[in-house]
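The values are calculated or read from the model by the stated rules, or taken from the named source; none is laboratory data. Note that the structure is predicted; figures quoted are calculated from it, not measured. In this analysis, Cβ positions are derived from the backbone assuming ideal geometry, glycine residues included, and neighbour counts consider all displayed protein chains.
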Amino acid sequence: MTLSQGDGRPTAFTNVRLLDPASGYDGPGAIVVGDGVITDVVKGQDAGPLSSDIDVVDGRGALLLPGLVDIRVKTGEPGAETKETLKSAALAAAAGGVTTIVVQPDTHPVVDEPSVVDFILRRARDIELVNVYPAGAATKGCEGLRMAEIGLMAEAGCLYVTDADRPIVDSKVMRRVLSYARSFGVLVAHRPTDPWLSNGAAASEGEFASRMGLPAVPAIAEKIMLERDLALVELTGARLMVDQLTTAAALESFRRGRDRGLPVIATTSINHLSFNELDIGDYRTFCKVEPPLRSEDDRQAVIEAVASGLISVIVSAHAPAPAEDKRLPYDEAAPGAVGLQTLLPALLAFHHEGRIPLIDLIRAVTCAPADLLGLPAGRLAKGAPADLVLCDLNAPLRVDADKLVSKSKNSPFDGRRLQGKVLRTVVAGRTVFAG
Amino acid sequence: MNTTPSGLNEVLQRTFSFPKRHFLSVTDLNEVEVANLLDLADGFVALNRQHSKKLDLLKGRTLMNLFFENSTRTQSSFELAGKRLGADVVNMSPRSSSISKGETLIDTAVTLNAMQPDLLVVRHASSGAASLLSQKVTCSVVNAGDGQHEHPTQALLDALSMRRAFGRIAGLSVAICGDVLHSRVARSNIALLQMLGAEVRLVGPPTLIPAAADRWNVAIHHDMRDGIKGCDVVMMLRLQLERMDGVMAPSQREYFRFFGLDREKLAFAAPHVRVMHPGPMNRGVEIDSDVADDLSVSLIQDQVEMGVAARMAVLTSLSARLDND
């Protein structure tokens, strides 16, 4: 397969199984793209006669999805380029069928003012691979003390504000961030954890962490902070994205909040869907993530929440950490796991196991996050960006961390057998990856 | 003159081969291996009480003590064990030397490994450190305490002390008291004592009992008198003083009042009770001197003596495995 250079000639992807959660369509069809957008969606067997100036890609029955939208990605740029650059992350994304990434603001410098937003957007344009958008910091330096320039950053193009892994401890600050961001229509994201309970923890409290002698945080720390955040949402009327819900207790709180009509949505990470605390085994630091891997009961609750739609968005929580930060005793090792390249096959595992319908899984990584952030991507519709993934749903693969595209190879999926291979990734009509 | 005690000779001539390259965790061992280690250690106790204590079982071997945390007691115990077996012993304290300035644990290990030691004895403040290190070196690694995880040679010497005092371990009732939460000694002892058929209870304030410890098949008591009632062994744990200043317990005096071992509380145990402590003791905080120094009750001095013998047994077994490679 050759990489088309996007010379403006229309391309048709024929003989494919279209899966478009936005319209609910799952069936045979074809897609025609031109000028970076989808110009036609043909549903059904008969693609009709194609004019001779259209390039044709015969999908041979493969699955054609909207490109994935991953709204929680860390790179090392700016400031820690040895971990990952925007370019290496974009390459990993392209290889994983992810066509839009939203990068986290906790870089050096922190994305807490419009010039850093500009920097990232400019770098992304130069790289010309996948769509890269920054999330801005909610507070200056992600320190949780003073509000960042939320309005100016939104104007410059940041998609939401968050302090990433740093909880906004001061309730007064959180209240102000929520009500201020609301007036600009900016979404706030917050990962709930009670810092007093979670400080210094490397694992989730329970029999396993006790036996292994690891400093641990009780699962309830997530619920405690979430309850505060929900109360502040009620007070301010602001929209809140609950970043990475991972425990049964917090999910119960979230359900109650949503049932009361609060404008909240929740994400979870592919790591917390795929692993539990026992995967840490003999202190495998590649399984050290934040929040820490939970009990199997919690993991099952998270899977159920995705199946029921309570959790509407799934993220890779891509967080590169080089070997020198991971090859340390467990409590000293850096948290985080790379995930851009394994997100899709890891997700497909729940389809292959028969746990979650394919269309619901794909919704959580395409139109659901796109709609949440007001992006036109994530759907197979006329006029939408031609961001597409062609994949073989059933092709087996064995994850080899050393062969991942990311600069850092810290994948907890290393050695895991998965099914689902990306054949081609298209961004704005241009093929950016062909496997 | 080298005269090997006859009991020791008998054990050494058994066709027992220790199948492991490293000595990292009690959970790696089985009952037969533990019984053999204890028999071997018993023989070394007799040797250590002789005028001439030196053997050449580890002749030509190099033992490296790598203590990232200070511990005079454990380090000298391993040093003596190595020397009495004829090994060359080197003590490294990476914290005070230039070895580990900015160097990771693995860098240090790889550097030392290049000096071709045969046995690396490691103490580190992080749980899992010994296991991590064992994956990166070619020599045998002995865990001399990793964070709050395990201290397997301590459990072995404790079992040896108990077996010598009671003639058996199966059926003994052992109360482990104090700071179980932070104690690697407790974790290793719980696993080993249960393997050998003892009944284990944990005693301490709820702030010092690990989460979900009730799933370890132990009885948990927050009242010390209840907890040690009728038990054969009271094993006290060390509580770091800084944890007692309102952090894990309100004060030293309150802790001693409710969880310190004194005559009055000890009277609830079985009449033949023996008291143990891994040391170093905080006298008047977790244990009354009156109890600690009463040789009819206390096994604390024995434990130190057994420590050298138990470690000799471990080193001998690992070295025999190296010979077979």
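Things to note:
- Leading residue by the ranking (surrounded by the fewest Cβ atoms within 10 Å (Cβ to Cβ)) among those in region B:221-267 that are in contact (Cβ under 8 Å) with a residue 60 or more places away in the chain and in a helix (DSSP H, G or I): B:Arg243
- Residue within region B:72-80 that is without any contact (Cβ under 8 Å) to a residue 60 or more places away in the chain and not β-branched (Val, Ile, Thr) present: yes
- Selection within region B:13-34 - in a loop (DSSP other than H, G, I, E, B), surrounded by 18 or more Cβ atoms within 10 Å (Cβ to Cβ) and not hydroxyl-bearing (Ser, Thr, Tyr): B:Phe18, B:His22, B:Leu24, B:Leu29
- Residue within region A:135-144 that is away from chain B (no Cβ under 14 Å), touching a residue at least 12 places away in the same chain (Cβ under 8 Å), of a type in the set (Val, Ile, Thr) and touching a Ser or Thr at 6+ places or on another chain (Cβ under 6 Å) present: no
- Taking the listed residues B:Val275, B:Val314, the one that is part of a helix (DSSP H, G or I), of a type in the set (A, V, I, L, M) and crowded, with 17+ Cβ neighbours inside 10 Å is B:Val314, with no other qualifying.
- Cβ-Cβ contacts under 8 Å between residues 6 or more apart (or on different chains), taken from a first residue in region A:271-286 that is not assigned by TED's automatic domain parsing to the domain that holds A:Gln419 to a second residue that is among the aromatic types (Phe, Trp, Tyr), are listed as A:Leu273/A:Phe350; A:Ser274/A:Phe413; A:Glu277/A:Phe208; A:Leu278/A:Phe208; A:Ile280/A:Phe208; A:Ile280/A:Tyr330; A:Tyr283/A:Tyr330; A:Thr285/A:Tyr330.
- Single residue of region B:231-263 satisfying the filter (more than 20 Å from B:Ala175 (Cβ to Cβ) and basic (Lys, Arg)) that is modelled with the lowest pLDDT: B:Arg243
- Within region B:102-117, considering residues that are polar (S, T, N, Q) and either under 23 Å from B:Arg73 (Cβ atoms) or within 11 Å of another protein chain (Cβ to nearest Cβ) (or both), the one surrounded by the most Cβ atoms within 10 Å (Cβ to Cβ): B:Thr108
- Test: A:Ala231 is of a type in the set (Gly, Ala, Ser), touching a Leu at 6+ places or on another chain (Cβ under 6 Å) and away from chain B (no Cβ under 14 Å): no
- Meets criteria (at pLDDT 85 or above, within 11 Å of chain A (Cβ to nearest Cβ), within 23 Å of the chain's Cα centre (by Cα) and not in a loop (DSSP other than H, G, I, E, B)) for B:Leu120: no
- Any hit, region A:259-275, residues being out of contact with any Gly (no Cβ under 9 Å at 6 or more places or on another chain), within 14 Å of another protein chain (Cβ to nearest Cβ) and not small (Gly, Ala, Ser): no
- Of all the residues in region A:170-223, those that are within 14 Å of chain B (Cβ to nearest Cβ), crowded, with 22+ Cβ neighbours inside 10 Å and of a type in the set (A, V, I, L, M) number 9.
- Count - residues of region A:195-238 that are part of a helix (DSSP H, G or I) and under 22 Å from A:Ser171 (Cα atoms): 21
- Some residue of region B:75-86 being modelled with pLDDT under 95 and either in a helix (DSSP H, G or I) or not polar (S, T, N, Q) (or both): no
- Condition met for A:Thr82 (surrounded by fewer than 17 Cβ atoms within 10 Å (Cβ to Cβ), closer than 20 Å to A:Ala337 by Cβ and touching a residue at least 60 places away in the same chain (Cβ under 8 Å)): yes
- Filtered residue count, region A:204-243, keeping only those that are under 19 Å from A:Gly257 (Cα atoms), of a type outside the set (A, V, I, L, M, F, W, C) and in contact (Cβ under 8 Å) with a residue 40 or more places away in the chain: 7
- Hits in region A:369-390 - residues which are part of a loop (DSSP other than H, G, I, E, B) and not hydrophobic (A, V, I, L, M, F, W, C): A:Gly374, A:Pro376, A:Gly378, A:Arg379, A:Lys382, A:Gly383, A:Asp387
- Annotation note: Cβ proximity below 6 Å between a residue of region A:40-66 that is in the same structural domain as A:Leu393 (by TED's automatic domain parsing) and a residue that is at pLDDT below 90 (sequence gap 6+ or interchain) occurs for A:Asp55/A:Arg9.
- Residue match in region B:136-149 (condition: within 11 Å of chain A (Cβ to nearest Cβ), in contact with a strand residue (DSSP E or B) (Cβ under 6 Å, 6 or more places away or on another chain) and either more than 30 Å from B:Arg274 (Cα to Cα) or not in a helix (DSSP H, G or I) (or both)): yes
- Number of the condition not met by B:Leu29 [criteria: (1) over 30 Å from B:Gln148 (Cα atoms); (2) in contact (Cβ under 8 Å) with a residue 40 or more places away in the chain]: (1)
- Pick from region B:278-292, criterion touching a residue at least 60 places away in the same chain (Cβ under 8 Å) and out of contact with any Gly (no Cβ under 7 Å at 6 or more places or on another chain), ranking: surrounded by the fewest Cβ atoms within 10 Å (Cβ to Cβ): B:Pro280
- Single condition B:Val180 does not satisfy, out of (1) within 14 Å of chain A (Cβ to nearest Cβ); (2) farther than 21 Å from B:Arg243 by Cα; (3) not in a helix (DSSP H, G or I): (2)
- Apart from one condition, B:Ile106 fits all of (1) in contact with a helix residue (DSSP H, G or I) (Cβ under 8 Å, 6 or more places away or on another chain); (2) without any contact (Cβ under 8 Å) to a residue 12 or more places away in the chain; (3) assigned to a helix (DSSP H, G or I); the exception is (2).
- Sole exception among (1) in contact with an Asp or Glu (Cβ under 6 Å, 6 or more places away or on another chain); (2) within 14 Å of chain B (Cβ to nearest Cβ) for A:Asp331, by number: (1)
- Of all residues making up region A:154-169, the number that are surrounded by 24 or more Cβ atoms within 10 Å (Cβ to Cβ), of a type in the set (Val, Ile, Thr) and in a loop (DSSP other than H, G, I, E, B): 1
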